[in-house]
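Rule-based calculations on the coordinates, nothing more; no lab input. Computed from a predicted model, the values in this text were never measured in an experiment. Don't worry about glycine lacking a Cβ; one is built from the backbone with ideal geometry, like all the others, and counts go over all protein chains shown.
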């Protein structure tokens with residue numbers, strides 16, 4: 001009788017553990033992708049997010065559908081398999097802030113499209129802008145603009161801002 005009891009207890013524990021793991025995974029992957037700046041589901045107008053960082057060459061490049069990856073409902077194109085692998089090693093480092101919208105506009109409570117060649121990296125935060133003027137204005141008071149943009153992004157998307 002005790003063997004049956006032990007098996008039942010172990011089976012119940014395993015089922016509970018799997019249920020909790022599934023719940024945690026679902027909660028972590030929630031994204032309100034309707035609030036993201038996507039073209040046909042693709043972020044950054046198809047540019048490779050890793051290419052903006054030193055390990056990706058510090059030279060923004062268009063990605064290829066050959067190296068496309070869907071991550072939490074958002075598709076990213078990469079210039080190479082190496083860049084895709086780099087992204088997978090630490091997605092939160094490479095994903096753009098504010099769903100890929102203009103960071104300066106987001107600080108004012110607006111969602112404005114971007115041009116991928118206008119960007120800045122502050123720490124591990126990859127910001128995009130609609131114009132060089134928007135980038136310059138944002139860069140004058142980065143901390144203040146980030147704080148305001150973070151608040152608005154959380155309000156419209158329900159997500160915590162990227163760190």
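What's the exposure ranking of 157, 43, 89, 64, going from fewest to most Cβ atoms within 10 Å?
Listing 157, 43, 89, 64 from fewest to most nearby Cβ atoms yields 89, 64, 157, 43.
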| remark: Listed with the fewest Cβ neighbours within 10 Å leading, 45, 154 appear as 154, 45
| note | The extension gain from residue 141 to residue 69, computed as 0.36 nm times the residue separation minus the Cα-Cα distance, is 22.5 nm
| said: At 7 Å along Cα-to-Cβ for each site, give me the label-to-label distance between residue 108 and residue 122 in nm. | reply: 1.6 nm
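Which of rounded, prolate or oblate describes the range 33-157 when judged by the alpha-carbon gyration tensor and an a/c cut-off of 1.5? Provide the component values of the computation, followed by the final result.
Details: a/c = 1.84, a/b = 1.48, b/c = 1.24.
It is prolate, given that a/c is not under 1.5 and a/b is the larger ratio.
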| query | Using the 10 angstrom Cβ neighbour count as an exposure proxy, how do 47, 87 rank, fewest first? | reply | 87, 47
